[in-house]
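First comes the structure, then the notes that go with it.
The values are calculated or read from the model by the stated rules, or taken from the named source; none is laboratory data. Quick caveat: nothing in here was measured; it's all calculated off a predicted structure. Cβ atoms come from the backbone with ideal geometry, glycine included; neighbour counts cover every protein chain shown. Just so you know, the surface numbers come from the protein's heavy atoms only, side chains and all, with ligands and any DNA or RNA stripped out. Shrake-Rupley method; radii C 1.70, N 1.55, O 1.52, S 1.80 Å.
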Amino acid sequence: MFDKVLVANRGEIAVRVMAAAEELGCETVAVYSDADRNGGHVDYADEAYNVGPAPASESYLDQEEIIDVAQRAGADAIHPGYGFLAENAEFASKVEETDGITWVGPPSDAMETLGEKTKARTVMQDAGVPVVPGTTEPVDDAAEVRALGEEFGYPIAIKAEGGGGGRGMKIVRSEAEVDDALESAKREGEAYFGNDSVYVEKYLEAPKHIEVQVLADQHGNVRHLGERDCSLQRRHQKVIEEAPSPALDDDLRAEIGEAARQGVREAGYTNAGTVEFLVEDSVASETQREGGGETAGPEFYFMEVNTRIQVEHTVSEEVTGIDIVRWQLRVAAGEELAFAQDDVEIEGHAVEYRINAENPATDFTPTPGQLTTYRPPTSIGVRLDHAVAQGDEIGGDYDSMIGKLIVSGEDRAHCLERSKRALEHFDVTGVHTTIPFHRLMLDDETFVAGDHTTKYLDRELEDDA
Ligand code: ADP
């Protein structure tokens, strides 16, 4: 095991990683920007180093500085958390090339392959995994896009190669919209991801977002920890996540889990990762329904791989009892996964609520400020991943997350009941939060029934995103 782990991140995920490292007997090193001098993750760490001014590009994204700090501190591993440098293959490869320091993540070449969506689609197809109908090569001109629109039928999505979180994705509903959409997808891809390459996918109208958590070691063992359902989204951003999915039966669960395992095996992947799918009733089943026949049931289509720990990993931990971050460190240190696929059992139900400093009443605008009251709920079935305390300032420099409330129960209904209590006893003043919104969702029939798709919330909120 490592002696000293540097966490190249801030906030709740930095603390989460340090907690796992500590349990494994490692010392912990935090890095922080000028804006985070009093950050919870700085308090938590054994040592902390300033890496620059508030803008992330000058601190948390400063690759050379972070590696330099790791060397000065005598760290023998770097964990990137999520966001910032977590999916940066160039940074991963620099760490790999640094003597005496191990990258806690997948090999940089697997990150590079899977980070480009068309390459990832090719890998999955080669592994026999169904992918969302679309291209496996970047697309250049409008005529090509129109031909694909003909082939797949509108709507289609033009997506940036490097995209994520709905950024760099443009929905095209007719031939007439192709030119503008192509141009803006390219522009967003360049602006957000430094890559103006785009490709085309069939746009599914009412899918569920189902993602499979995988863990792979350096000895050829690949396990999946079941799925998470992240279908409750606002403008393609996840709002509430849960495990297991209310939409899958055991057969589909096993099938999708196996597909994810095959896919990451094909990519030469190690460490933790997430294989994302869209699940929708197949086109065939729609036709059958019109003809009065039986529905063919839901089909799954590969969408992308996230080569990092995800915000919502917690719900998988709660229902499997497996500490994913601890395994990230153990696998990176060369250990073998100590459990077989059959040992992974899904028990009970868990839901994660993102508690953000945002005002749901004004279109979820961020509301930075001081936490004049911060009294989170406690008791059985309640987990909080956060790095704040009463009196702390929620700044405007980074994301607006205050923390994550994760509630577990014997089954989904029990979990949602418990969630009501937990959210009712979550007292925050000084900033607006997403807590009232989550409480509304717990009274929403469609969500409570588990019938929501990724489009549900936008329609309810009458967004035309
Ligand atoms: P990420 O999962 O990293 O946020 P994307 O930007 O690819 O990456 O996707 C974000 C969300 O956009 C998905 O969860 C889904 O709701 C929606 N989406 C992406 N591709 C499609 C598609 N082809 N059809 C329908 N919805 C899609």
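Quick notes on this structure:
- Search result, residues across the stretch 95-128 that are of a type in the set (A, V, I, L, M) and in contact (Cβ under 8 Å) with a residue 60 or more places away in the chain: Val104, Ala110, Met111, Leu114, Ala120, Val123, Met124, Ala127
- Residues of the stretch 37-65 that turn out to be open to solvent by less than 40 Å² (accessible area, probe 1.4 Å), under 20 Å from Lys4 (Cβ atoms) and in a loop (DSSP other than H, G, I, E, B), as a count: 3
- Yes/no for Ala75 being more than 24 Å from the chain's Cα centre (by Cα) and aliphatic (A, V, I, L, M): yes
- Pairs linking a residue in the stretch 152-168 that is among the acidic types (Asp, Glu) to a residue that is within 10 Å of the ligand (Cβ to nearest atom), with Cβ atoms under 7 Å and 6 or more positions apart or on different chains, are Glu161/Lys117.
- Screening the candidates Thr122, Thr113, Thr136 for the property of being part of a loop (DSSP other than H, G, I, E, B) and of a type in the set (S, T, N, Q) yields one hit, Thr136.
- Single residue of the stretch 139-157 satisfying the filter (assigned to a loop (DSSP other than H, G, I, E, B) and not small (Gly, Ala, Ser)) that is least open to solvent (accessible area, probe 1.4 Å): Pro155
- Annotation: Ala86 fulfils all but one of (1) aliphatic (A, V, I, L, M); (2) outside any loop (DSSP other than H, G, I, E, B); (3) buried (at least 21 other Cβ atoms within 10 Å of the Cβ); the unmet one is (2).
- Extreme residue, farthest from Arg308 (Cα to Cα), among residues of the stretch 161-171 that are open to solvent by less than 20 Å² (accessible area, probe 1.4 Å) and within 8 Å of the ligand (Cβ to nearest atom): Gly168
- Hey, Ala191 open to solvent by 40 Å² or more (accessible area, probe 1.4 Å), within 30 Å of Ile346 (Cα to Cα), modelled with pLDDT under 95 and small (Gly, Ala, Ser) or not: no
- Looking across the stretch 306-335, the residues that are of a type in the set (D, E, K, R) and either open to solvent by 10 Å² or more (accessible area, probe 1.4 Å) or modelled with pLDDT under 95 (or both) come down to Arg308, Glu317, Glu318, Asp323, Arg326, Arg330, Glu335.
- Scan of the stretch 425-455 for residues that are within 16 Å of the ligand (Cβ to nearest atom) and touching a strand residue (DSSP E or B) at 6+ places or on another chain (Cβ under 7 Å), ordered by number: Phe447, His452, Thr453, Thr454
- Applying the set (1) at pLDDT 65 or above; (2) over 14 Å from the mean Cα position of the chain (by Cα) to Thr287 leaves exactly one unmet item: (1).
- Residue check, Asp68 out of contact with any Phe, Trp or Tyr (no Cβ under 7 Å at 6 or more places or on another chain), away from the ligand (no atom under 14 Å from the Cβ) and open to solvent by 10 Å² or more (accessible area, probe 1.4 Å): yes
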